[in-house]
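S.K.: First the structure, which I've put down as structure tokens, then a few questions once you've had a look.
Laboratory data are not the source of any read-out in this text; all were calculated from the coordinates shown. Model, not experiment: these values are computed from the prediction. Neighbour counts are summed over all protein chains in view; Cβ atoms, including those assigned to glycine, are modelled from backbone coordinates with ideal geometry.
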Amino acid sequence: PGAGKGTQAQLICKRYDIPQISTGDMLRAAIREGTELGLKAKSVMESGGLVSDDLIIGLVKERLTQPDCVNGCLFDGFPRTKAQAEALDKLLKLKNAEIGVFLAMQVSEEELVKRLLNRGLTSGRSDDTNEMVIRSRITEYNSKTSSVADYYKQYNKVVMVPGEGCI
Ligand code: ADP
């Protein structure tokens, strides 16, 4: 959280003319629209936890049926757990496709907290205004998401990107 995924994702998608599939943006849209998924995701997101794998996988599965994905896409903030990575591989296999590269941005924890609190001043995201929630998101990242890189390392797909300095 706060590493700059969304910012880099936008630049990459523009350059390669592919859609940006941000599970966070999709969940926030579901909350705004008051869908069943939104209702289920809201409290988890507000507390800084991860939304359940089943809900996320269902969301991505549906999104991938849309025609704009035929030439590839960039997942932003997904997969966030090993179970999501495994489910994604299965899903892509059915479509004769696979992940090309896994990018992980590296930023120190203090810098993340600073950026997120700063973003909270204008983002309108309640999960960016409370330092306890920000710390919970980082704890979730350390316990469930950081190891997703290991999953892709076995296929030699990981590129680590320094996330501090200029955009
Ligand atoms: P950030 O990375 O700054 O936290 P995101 O928009 O990527 O912003 O995610 C916001 C929140 O949405 C997460 O804290 C989590 O609750 C939920 N979320 C987004 N993507 C996933 C995912 N792939 N799996 C589980 N939860 C997710």
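S.K.: Given contacts defined as C-alpha pairs under 8 Å and at least six residues apart, what's the relative contact order of the chain, whole-number percent?
M.R.: Reported as a whole number, the value is 31 percent.
S.K.: With r defined as the distance between the Cβ atoms of residue 114 and residue 158 and R0 fixed at 35 Å, what FRET efficiency is calculated, to the nearest 0.05?
M.R.: The computed FRET efficiency comes out at 0.85.
S.K.: Given a Förster distance of 22 angstrom, what is the FRET efficiency for residue 122 paired with residue 32, based on the Cβ-Cβ distance and rounded to 0.05?
M.R.: 0.80
S.K.: What is the distance in Å between the Cα centres of the range 111-129 and the range 1-80?
M.R.: With the range 111-129 and the range 1-80 each reduced to a Cα centre, they are spaced 19 Å.
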